[in-house]
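Student: Below are the C-alpha cells for one structure; questions will follow.
The values are calculated or read from the model by the stated rules, or taken from the named source; none is laboratory data. This one's a predicted model, so the numbers in the text were calculated from it and none came from an experiment. So basically every Cβ, Gly included, is an ideal-geometry build from the backbone, and we count neighbours across all protein chains shown. The protein model used for the area step is the full one, side chains on, heavy atoms only, and it has no ligands, DNA or RNA in it. Shrake-Rupley method; radii C 1.70, N 1.55, O 1.52, S 1.80 Å.
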Amino acid sequence: SDIDLASPKLGKTTDDKNTLISNVLIALNGIDFGADEATQIDILGDAYEYMISQFAAGAGKKAGEFYTPHEVSVLMAEIIAWNLRGKEEISIYDPTSGSGSLLINIGQAITKYLGNKNKVKYYAQELIPETYTLTRMNLVMRGILPSNIVARQGDTLDKD
C-alpha cells in the first residue's frame, strides 16, 4: 500500500518508470531469498539490516528506525539458548521485532538444544506495517509453522 508507482523518483516518463521497475523485478527474480541452512545466511534479513543501518546512520536515528547488529543478535541468541537449554519447549517474544531476525537467531540457537524447531513458539509485535509484514514473511520463509507464529502489528509502548 505504500508503493507509489507514479512517483517522479522512479523516472521522468512512463517508459523510464516501467524500465526501472522491470529491471528491479528482473534483478529480484534472480535472488534466492531463502536462508541457507548450512551457512545460516539470511539474505533478506541481512539486506534489511544493511539498509536499516545505512538509513539509521544517514538519518542520525531521528526517523525512529533502530536495529540490532547481526553479531549482537547472534550473541544474545546464544546466551538465551544456553540459559534455556533444559526446557522441552519455549516461547520467545520480541516487542519491536523489525525484520524478525532476533527471533530467528534465538530459534536457531535454541533448536540446537531442543532438537526440534517446532517446539519453539514465536511472539512478535511491530509498530510499522511494512516491518510487521517482513517479520511474518521472514519467519514463514524459515519453515516455521504458522501455528507457532503469533505476530501483531501494534505499538508496544501504547498497548502491549
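Student: Given a cut-off of 32 Å, name the pairs among LYS117/LYS159; LYS17/LYS117; LYS9/LYS121 whose C-alpha atoms lie farther apart than that in the structure shown.
Tutor: Over 32 Å Cα-Cα: LYS17/LYS117; LYS9/LYS121.
Student: Still on this structure, I have one more. When only DSSP loop residues count, what trypsin sites (Lys or Arg not before Pro) in region 110-160 have their Cβ near at most 15 other Cβ atoms within 10 Å? Walk me through the numbers on the way to the answer.
Tutor: Numbers: sites: LYS112, LYS117, LYS119, LYS121, ARG136, ARG142, ARG152, LYS159; in loops: ARG142, LYS159.
Of the trypsin sites (Lys or Arg not before Pro), the ones in loops of region 110-160 whose Cβ has at most 15 other Cβ atoms within 10 Å are LYS159.
Student: Residue separation times 0.36 nm, minus the C-alpha to C-alpha distance between GLU130 and ARG152: what's the value?
Tutor: Numbers: separation 22, 0.36 × 22 = 7.92 nm, distance 1.22 nm.
Taking 0.36 nm per residue and subtracting the Cα distance, the gain is 6.7 nm.
Student: Continuing with this model, one more query. So which GluC sites (Glu not before Pro) in region 66-160 are both in a DSSP loop and have at most 15 other Cβ atoms within 10 Å of their Cβ?
Tutor: Passing both the DSSP loop test and the Cβ count: GLU88, GLU89.
Student: So, taking all protein chains as they sit and a 1.4 Å probe, how much accessible area belongs to LEU127, in Å² rounded to tens?
Tutor: Accessible area, nearest 10 Å²: 90 Å².
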